[in-house]
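**Q** Handing you this structure, nothing more for now.
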Amino acid sequence: MSGLLAGKRLLVTGVITDASIAFSVAKLAQENGAQVVLTGYGRLSLVERIARRLPQPAPIIELDVTDADHLAGLGDRVREHVDGLDGVVHSIGFAPQSCLGGGFLDAPWEDVATALHVSTYSYKSLAMAALPLMSAGGAVVGLTFDATKAWPVYDWMGVAKAGLESASRYLALHLGKQGIRSNLVAAGPLRTIAAKSIPGFDQFEEAWAERAPLGWSLTDQEPAARACLALLSDWFPATTGEIVHVDGGYHAIGA
Ligand SMILES: NC(=O)c1ccc[n+]([C@@H]2O[C@H](COP(=O)([O-])OP(=O)(O)OC[C@H]3O[C@@H](n4cnc5c(N)ncnc54)[C@H](O)[C@@H]3O)[C@@H](O)[C@H]2O)c1
């Protein structure tokens, strides 16, 4: 098998439709020589249907990343398909409606706690669940939306992403001794289920269309997926705790 990820064994979370960033990652990874195991949340029959659109069959393991039993059993479930993991992709985010769309000042703690559990803490939980299968050279990659700024309508999801960005740096710190890297891709806006659940998401779409120096496609997940592949590959061997912007250059530009 040839390709950027030849021989790599990957665990990819977050496929729910073929617009999911994770679907593009899984597809490109298979096309580039990787063996892919998927995890699915909730509607597993839907995930199975979407997975059939991948170039090769991929086993699917049920994983609610907030479920301690699922996390505890993940290693054994993965071992049924591969004898180890070279990479893990965290492509998971969720916040209750109260946390989004301008609700920052009113969202109750219970809802904020859910957002942080699913979108932030889970990055560490997933990495730790996969760690027994990983060895030096392994990589964990997640997806963020630039959390250095307060965005209109992103609200507590923005706080969750700021936490995710910090958690990735701490994971880099704590797993570095084992030779395992942790990096994030900061993607621009893409029309996925997660994005459509954000009231007012169209504001991002308009802003990116006007300002991204390279231009930006709201329906092309491949640039973000390519960056994930690069970070999972052997071509960033000394890079960890990093955030790679895949946003058409938007983050670099002033008002
Ligand atoms: N779409 C964008 O504009 C955009 C931009 C930057 C970053 N991101 C991030 O990319 C990642 C993937 O999102 P997407 O845009 O592909 O949307 P998506 O809706 O396709 O994927 C989100 C995934 O999270 C999963 N999920 C939710 N709760 C879960 C739980 N408890 N356990 C396990 N999985 C759970 C869903 O099943 C779904 O597969 C998210 O972290 C998102 O915040 C998205």
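The numbers here are math on the coordinates, done by the rules we state, and not lab data. Note that the coordinates shown come from a computational prediction; the quantities given were computed from them, not determined experimentally. Heads up, the Cβs are rebuilt from the backbone with ideal geometry, glycines too, and the neighbour counts pull from every protein chain shown.
**Q** How many angstrom lie between the Cα centre of the stretch 169-209 and the Cα centre of the stretch 30-50?
**A** Cα centroid of the stretch 169-209 versus Cα centroid of the stretch 30-50: 20 Å apart.
**Q** Can I ask one more? Taking the alpha-carbon set of the stretch 42-123, what are its Rg and Dmax in Å?
**A** When restricted to Cα atoms, the stretch 42-123 yields Rg and Dmax of 15.9, 47 Å.
**Q** Let me know the shape class of the stretch 145-194, please: from the alpha-carbon gyration tensor, a ≥ b ≥ c as square roots of the eigenvalues, rounded when a/c is under 1.5, otherwise prolate if a/b is greater than b/c, or oblate.
**A** Working: a/c = 3.27, a/b = 2.03, b/c = 1.61.
Because a/c hits 1.5 or more and a/b exceeds b/c, the stretch 145-194 counts as prolate.
**Q** While we're looking at this one, here's another question. Place a point 7 Å from Cα of residue 80 in the direction of its Cβ. Which residues in the stretch 20-42 have their backbone N less than 14 Å from it?
**A** Under cut-off, by backbone N: 37-40.
**Q** With Rg and the Kirkwood Rh both taken from Cα atoms, where does Rg over Rh land for the stretch 1-150? Intermediate values should be presented prior to the final figure.
**A** Working: Rg = 16.0 Å, Rh = 16.1 Å.
Using Cα coordinates only, the ratio equals 0.99.
**Q** Mean residue ellipticity at 222 nm from the helices of the chain, using -39,500 (n - 2.57) per DSSP H segment of n ≥ 4 over the full residue count, to the nearest 500 deg cm²/dmol?
**A** Result for the chain, helices only: -11000 deg cm²/dmol.
**Q** Same structure, new question: How are the alpha carbon pair distances in the chain distributed across 5 Å bins from zero to the largest one, expressed in percent?
**A** Spelled out bin by bin, the chain gives 1, 6, 14, 18, 21, 18, 12, 6, 2, 0, 0 percent.
**Q** Under the 0.36 nm per residue contour assumption, what length would be gained going from the current alpha-carbon distance of residue 220 and residue 150 to full extension?
**A** Details: separation 70, 0.36 × 70 = 25.20 nm, distance 2.47 nm.
Difference between extended and current length: 22.7 nm.
**Q** Taking 0.36 nm per intervening residue step and subtracting the Cα-Cα distance, what contour gain separates residue 49 from residue 106 on full extension?
**A** On the way: separation 57, 0.36 × 57 = 20.52 nm, distance 3.83 nm.
Working it through step by step, the gained length comes to 16.7 nm.
**Q** With point charges of +1 on the Cβ of Lys and Arg and -1 on the Cβ of Asp and Glu, referenced to the Cα centre of the stretch 1-94, which listed residue (7, 39, 72) lies farthest in the positive direction of the dipole?
**A** Of the options given, the answer is 7.
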